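Take a look at the structure set out below.
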Amino acid sequence: MTKSSAAPLLDTRALNRATLDRQLLLRRSPLSAADAVRHLLGLQAQNVRPPYYALAARLDGFAPERLSALMAAREAVRIVTLRSTIHTHTAEDCLTLRPLVQPARDRELTNFRTGLAGVDLDRLAALARELVEAEPRTMAQLREALGTEWPDADPQSLGVAARCRLPLVQVTPRGLWGRSGQVALTTAEHWLGRPAEPAPAPDAVVLRYLAAFGPASVKDMQTWAGLTRLKEAFERLRPRLLTFRDPNGVELFDLPDAPRPDPGTPAPPRFLPEFDNLLLAHADRTRVIPAEYWGRSWQRNQAHRTLLVDGFLAGLWKLDGDSLVIEPFGTLTKAQREDVTAEGARMLATMHPGTSYDIRFGTVVRR
């Protein structure tokens with residue numbers, strides 16, 4: 001008998017409720033915005049608004065200005081980290097998680113080696129650092145400046161190389177609530193006024209990942225982080241962890257004292273932003289996305305805002321003029337529609353106070 005076959009089974013609903021609890025989506029949390037961003041190991045942030053909507057779905061008494069104030073005070077930043085995507089992290093996590101994923105950023109550069117032929121990457125990193133620390137630069141400005149040094153190189157590849165070799169943060173006002181600003185970059189060390197920390201041991205981040213996303217497999221965490229070769233860290237931690245198996249027999253790890261609620265625990269509706277962590281943090285996403293709805297939360301490389309009903313992906317939503325339009329994938333019961341409407345009104349009051357919106361259900365989205 002293998003280790004995984006001997007481990008207790010966690011069915012899909014059990015995994016769903018455990019993950020929702022860790023993600024602060026089973027009930028609203030009293031955590032501060034800073035503590036929530038830290039607990040969640042960052043918030044997916046390709047666009048400016050998703051981190052704000054993500055916290056609105058998770059925190060009791062949240063107001064967008066609370067996260068915006070952290071950004072303005074340089075206590076939180078926007079930076080490319082996990083999966084080579086932009087995340088909002090606390091300053092402390094920015095300075096540690098970016099070094100952790102640096103090997104993945106180095107591997108990413110191999111895809112651009114043709115456009116970087118003849119480019120000394122160490123020299124490029126030093127020059128790019130000098131440029132952005134003298135004053136924040138847009139990526140176009142940075143590419144142009146680097147192009148004077150390497151005129152035969154591909155400009156796009158030069159910009160990617162700078163982003164991969166350096167921890168470049170987006171300076172404010174970009175990322176502030178209710179403000180606008182182009183993407184201008186400087187180094188995390190320069191913006192935060194202190195040096196980067198050594199990369200944390202993978203073991204420490206495994207424990208934090210399980211606290212926010214568990215129970216989870218090795219492959220789940222590798223998908224979340226965009227890293228490989230994490231199995232050794234899980235094996236070192238095995239004596240400190242519990243093990244389970246999912247319905248497919250995959251071994252899952254978890255913290256002994258982490259919450260694993262009864263599968264029958266009610267899960268209220270939640271309005272999530274595009275690219276929410278919940279939908280991207282596992283290799284097997286059936287704990288949140290029913291098989292029949294796979295692929296409906298995005299189109300090409302653009303994700304949609306998603307609706308959870310009973311803890312699972314159940315539809316899309318959008319703000320269309322003065323209306324909140326809810327597009328379920330299937331038929332909702334009268335009670336579910338009432339609960340979704342009430343949650344929609346609460347979300348609107350949090351994110352857009354003083355603005356009047358109609359709430360209506362659009363055509364059921366079927367495929």
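The values are calculated or read from the model by the stated rules, or taken from the named source; none is laboratory data. Keep in mind that what you see is a predicted model, and the values were worked out from it rather than measured. So basically every Cβ, Gly included, is an ideal-geometry build from the backbone, and we count neighbours across all protein chains shown. The accessibility values were calculated without ligands, DNA or RNA, using every heavy atom of the protein model including side chains. Shrake-Rupley method; radii C 1.70, N 1.55, O 1.52, S 1.80 Å.
Does any residue of region 188-201 turn out to be open to solvent by 60 Å² or more (accessible area, probe 1.4 Å), of a type outside the set (A, V, I, L, M, F, W, C) and under 22 Å from the mean Cα position of the chain (by Cα)? Walk me through how you get there before you give the answer.
Applying the first criterion (open to solvent by 60 Å² or more (accessible area, probe 1.4 Å)) to region 188-201 yields 190, 193-195, 197-198.
Those still in the list that are of a type outside the set (A, V, I, L, M, F, W, C) too: 190, 193-195, 197-198.
If we keep only those that are under 22 Å from the mean Cα position of the chain (by Cα) too, we end up with 197.
Yes, region 188-201 contains a residue that is open to solvent by 60 Å² or more (accessible area, probe 1.4 Å), of a type outside the set (A, V, I, L, M, F, W, C) and under 22 Å from the mean Cα position of the chain (by Cα).
Could you check region 220-238 and list, in sequence order, the residues that are open to solvent by 70 Å² or more (accessible area, probe 1.4 Å), among the basic types (Lys, Arg) and farther than 16 Å from VAL101 by Cα?
From region 220-238, those open to solvent by 70 Å² or more (accessible area, probe 1.4 Å) are 228-229, 231-232, 236; that's our starting set.
Okay, now just the ones that are also among the basic types (Lys, Arg), so 229, 231, 236.
Once the filter is applied, which keeps residues that are open to solvent by 70 Å² or more (accessible area, probe 1.4 Å), among the basic types (Lys, Arg) and farther than 16 Å from VAL101 by Cα, region 220-238 yields only ARG236.
Between THR223, THR228, which is part of a loop (DSSP other than H, G, I, E, B) and β-branched (Val, Ile, Thr)?
Going through THR223, THR228 in turn, the sole match is THR228.
For region 169-178, the condition holds for no residue, the condition being that it is in contact with a helix residue (DSSP H, G or I) (Cβ under 7 Å, 6 or more places away or on another chain) and more than 21 Å from ALA91 (Cβ to Cβ). If you go through region 52-70 and pick out every residue that is surrounded by fewer than 24 Cβ atoms within 10 Å (Cβ to Cβ) and closer than 24 Å to THR138 by Cβ, you end up with 2.
Take SER180 and tell me if it is under 26 Å from ALA233 (Cα atoms) and small (Gly, Ala, Ser). The answer is no for SER180.
Tell me, which residue of region 137-171 that is of a type in the set (Asp, Glu) and part of a loop (DSSP other than H, G, I, E, B) is farthest from GLU108 (Cα to Cα)? Steps first, answer last, please.
To start, the set of residues in region 137-171 that are of a type in the set (Asp, Glu) comprises 144, 149, 152, 154.
Now drop any that are not part of a loop (DSSP other than H, G, I, E, B), which leaves 152, 154.
Details: ASP152: 21, ASP154: 16 Å.
The residue in question is ASP152.
Would you call GLN102 free of Cβ contacts under 8 Å to residues at least 24 places away in the same chain and either surrounded by 14 or more Cβ atoms within 10 Å (Cβ to Cβ) or among the basic types (Lys, Arg) (or both)? It is false that GLN102 is free of Cβ contacts under 8 Å to residues at least 24 places away in the same chain and either surrounded by 14 or more Cβ atoms within 10 Å (Cβ to Cβ) or among the basic types (Lys, Arg) (or both).
Of the residues making up region 197-220, those that are of a type outside the set (Phe, Trp, Tyr), in a helix (DSSP H, G or I) and in contact (Cβ under 8 Å) with a residue 24 or more places away in the chain number 12. Contact annotation: residue pairs with Cβ atoms under 6 Å, 6 or more positions apart or on different chains, pairing a residue in region 169-181 that is buried (at least 18 other Cβ atoms within 10 Å of the Cβ) with a partner that is part of a strand (DSSP E or B) and not hydrophobic (A, V, I, L, M, F, W, C), are GLN170/ARG78; VAL171/THR186; GLY175/ARG78. Each residue in region 248-266 was checked for being in contact with a strand residue (DSSP E or B) (Cβ under 7 Å, 6 or more places away or on another chain) and open to solvent by 10 Å² or more (accessible area, probe 1.4 Å), and 2 of them qualify. The residue list ALA201, ALA212, ALA196 contains one member that is modelled with pLDDT of 95 or more and either touching a Leu at 6+ places or on another chain (Cβ under 6 Å) or farther than 18 Å from GLU251 by Cβ (or both), which is ALA212.
Can you tell me which residues in region 113-130 are touching a Leu at 6+ places or on another chain (Cβ under 9 Å) and open to solvent by 10 Å² or more (accessible area, probe 1.4 Å)? Before you say what the answer is, go through the steps one by one.
Filtering region 113-130 down to residues touching a Leu at 6+ places or on another chain (Cβ under 9 Å) leaves 115-116, 119, 121, 124-125, 127-129.
Answer for region 113-130, where residues must be touching a Leu at 6+ places or on another chain (Cβ under 9 Å) and open to solvent by 10 Å² or more (accessible area, probe 1.4 Å): GLY115, LEU116, VAL119, LEU121, ALA125, LEU127, ARG129.
Taking region 327-367 as the range and being under 27 Å from the mean Cα position of the chain (by Cα), in a strand (DSSP E or B) and either of a type outside the set (Asp, Glu) or modelled with pLDDT under 95 (or both) as the test, only PRO328 passes. For ALA36, are the conditions met, namely being open to solvent by less than 10 Å² (accessible area, probe 1.4 Å) and closer than 18 Å to MET351 by Cα? Against the criterion (open to solvent by less than 10 Å² (accessible area, probe 1.4 Å) and closer than 18 Å to MET351 by Cα), ALA36 qualifies.
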